[in-house]
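Visitor: Below you will find the structure I want to go over with you.
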Amino acid sequence: MAHEFFSNLPDGLVRSMKKFTLIYAIAAVIIYTAFSLTGIASEVGTLYYRYADLMINGQMPYSDFAAEYPPFAMLLILIPRLFSWSPFSYQIAFGSMAYLFLLAGLYFIYGIAERYTENPVKCVNWYIIFTIALFDFAVDRYDVFPMVMALGALYFISKEKYAGAWAMLALGTVTKLYPALLAPILLFYLLSKKKNSEAMKGVAICLVIGIGSLLPFFITDVETALSFLTYHMDRGLQIESLPASAIMFLSVFGLADITYNFSFGSDNIAGVLPDAVAGIMMPLMIVALLATYIVYLRKCMKNSDDGFKGILIASTLVVMIFMIVNKVLSSQYLLWIIPFVALGFIVFSEKIDKRNLILFGGSIALTQLDLIVNYAFRGAGEELSILGILVILIRNILMVIMLWYVVRRFSKGFAPSDEDL
């Protein structure tokens, strides 16, 4: 059956899968050799392995031990433990699972690009390039899983298989929460196209998956079942966030009084100004998201939503708002927008698409430099150097410029859709 499946795939897709597999294998040998010989700390080999070990020994997340990740994420963290016997073997098993997800993502990218471009391999190549450029985060964080689920939702939307899209969004939400941002966009689109049954079916699918994921934890302990949500409520400004990078830069000139600390698994800043800004970031993000949804709903009502392309650009915008207008912007979050950037020339002019590719490439390069400057040679909670602050600030400025291009494209009046997905 597997042979029959692959034999029916387009040649360009098969070649891309083989190319990705080879590059992934080489990168994996390099990084796991580095982990083995240097003793570099691994999130997967420490925190994830500890969680998985507790679960395999019969303990329940949230009630028996504190965990900050949603229910389906905990299941994904458990699975590699079933095929491993040590922290290092767990890392390899986890990386193998990440490979399978990313391979599925490659299939989704090709399937979308094949319909909307004459050169789908171009999109796939950028997907591969960016994934490998962020390889350390791809194999040492679990963010590739919700990223592929969100991408899968877009793939099923492009194929008019809405039940599959809703299932992907629901699973992504109980893995990392942010894929839920795409749900209102899909809902508005379906309702505007008089596909009410598909919309209601989607709500039902989301409820079943959501309730099914949470029910075991509510049965075990009602009070701790939603602790993964409340965990993040009291977080301060994480040093990589946009407002933190600006405030840290001001502090260099004595214009802001800040202190550094390590809490909630990240480096943060505190002080009168940082604490005040942290308190308004959530309302600002909610306002920005609501404004985006309202504008998109109006486009749908006027039949100027631009079909799938409109869904793609609106989805890009809400995810980027969630990343940038936030008090946390962890390095691995860049994985979330790989599919949107790789599919960018579906919705952008060639000139703007090239700019976005350069901006995103620069953001990745600075993120890797951030890892070296601010984490490799600095203790947790210690003050950042001027160089470290500038690296984060410039990276965030590049991300804001990308966001500006997305906002401009979204705000333009879409032509009435020629397609009716």
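Visitor: For the stretch 72-94, which positions are out of contact with any Pro (no Cβ under 7 Å at 6 or more places or on another chain), touching a residue at least 24 places away in the same chain (Cβ under 8 Å), surrounded by 14 or more Cβ atoms within 10 Å (Cβ to Cβ) and not polar (S, T, N, Q)?
Guide: Those that are out of contact with any Pro (no Cβ under 7 Å at 6 or more places or on another chain), touching a residue at least 24 places away in the same chain (Cβ under 8 Å), surrounded by 14 or more Cβ atoms within 10 Å (Cβ to Cβ) and not polar (S, T, N, Q): 72, 73, 76, 77, 78, 80, 81, 87, 88, 92.
Visitor: For the stretch 134-149, enumerate the residues that are among the aliphatic types (A, V, I, L, M) and in contact with a Lys or Arg (Cβ under 9 Å, 6 or more places away or on another chain).
Guide: Those that are among the aliphatic types (A, V, I, L, M) and in contact with a Lys or Arg (Cβ under 9 Å, 6 or more places away or on another chain): 147, 149.
Visitor: (1) without any contact (Cβ under 8 Å) to a residue 24 or more places away in the chain; (2) open to solvent by 40 Å² or more (accessible area, probe 1.4 Å); (3) more than 17 Å from residue 341 (Cα to Cα); (4) of a type outside the set (Lys, Arg): which one isn't true of residue 119, the others all being true?
Guide: Residue 119 satisfies every listed condition except (3).
Visitor: What's the total number of residues in the stretch 140-185 that are free of Cβ contacts under 8 Å to residues at least 40 places away in the same chain and part of a helix (DSSP H, G or I)?
Guide: Adding up the residues that qualify gives 11.
A quick yes/no check of all residues on (1) free of Cβ contacts under 8 Å to residues at least 60 places away in the same chain; (2) of a type outside the set (Phe, Trp, Tyr); (3) open to solvent by 40 Å² or more (accessible area, probe 1.4 Å):
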residue: 12; (1), (2), (3): no, yes, no
residue: 20; (1), (2), (3): no, no, no
residue: 23; (1), (2), (3): no, yes, yes
residue: 26; (1), (2), (3): yes, yes, yes
residue: 33; (1), (2), (3): yes, yes, yes
residue: 49; (1), (2), (3): yes, no, no
residue: 53; (1), (2), (3): yes, yes, yes
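Visitor: Exactly one condition in (1) touching a residue at least 12 places away in the same chain (Cβ under 8 Å); (2) assigned to a helix (DSSP H, G or I) is false for residue 327; which is it?
Guide: All conditions pass for residue 327, except number (2).
Visitor: Of (1) at pLDDT 95 or above; (2) open to solvent by less than 50 Å² (accessible area, probe 1.4 Å); (3) within 23 Å of residue 116 (Cβ to Cβ), residue 174 satisfies all except one. Which?
Guide: Here residue 174 clears every test but (3).
For (1) touching a residue at least 40 places away in the same chain (Cβ under 8 Å); (2) touching a Cys at 6+ places or on another chain (Cβ under 8 Å); (3) within 24 Å of residue 401 (Cα to Cα), each residue gets a yes or a no:
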{"site": "191", "(1), (2), (3)": "yes, yes, no"}
{"site": "201", "(1), (2), (3)": "no, no, no"}
{"site": "215", "(1), (2), (3)": "no, no, no"}
{"site": "221", "(1), (2), (3)": "yes, no, no"}
{"site": "246", "(1), (2), (3)": "yes, no, yes"}
{"site": "258", "(1), (2), (3)": "no, no, no"}
{"site": "266", "(1), (2), (3)": "yes, no, no"}
{"site": "286", "(1), (2), (3)": "no, no, yes"}
{"site": "289", "(1), (2), (3)": "yes, no, yes"}
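Visitor: Let me ask something additional. How many residues are aliphatic (A, V, I, L, M) and open to solvent by less than 30 Å² (accessible area, probe 1.4 Å) if we restrict to the stretch 56-71?
Guide: Residues that pass the stated criteria total 1.
Visitor: Could you tell me which residue of the stretch 230-245 is farthest from residue 280 (Cα to Cα), considering only residues that are open to solvent by 10 Å² or more (accessible area, probe 1.4 Å) and touching a Leu at 6+ places or on another chain (Cβ under 8 Å)?
Guide: The extreme case among them is 242.
The values are calculated or read from the model by the stated rules, or taken from the named source; none is laboratory data. Bear in mind that the values here come from a model prediction, so they are computed numbers and not experimental data. Cβ: placed from backbone, ideal geometry, glycine included. Neighbour counts: every protein chain shown. Areas reflect the complete protein model, heavy atoms only, side chains present, ligands, DNA and RNA absent. Shrake-Rupley method; radii C 1.70, N 1.55, O 1.52, S 1.80 Å.
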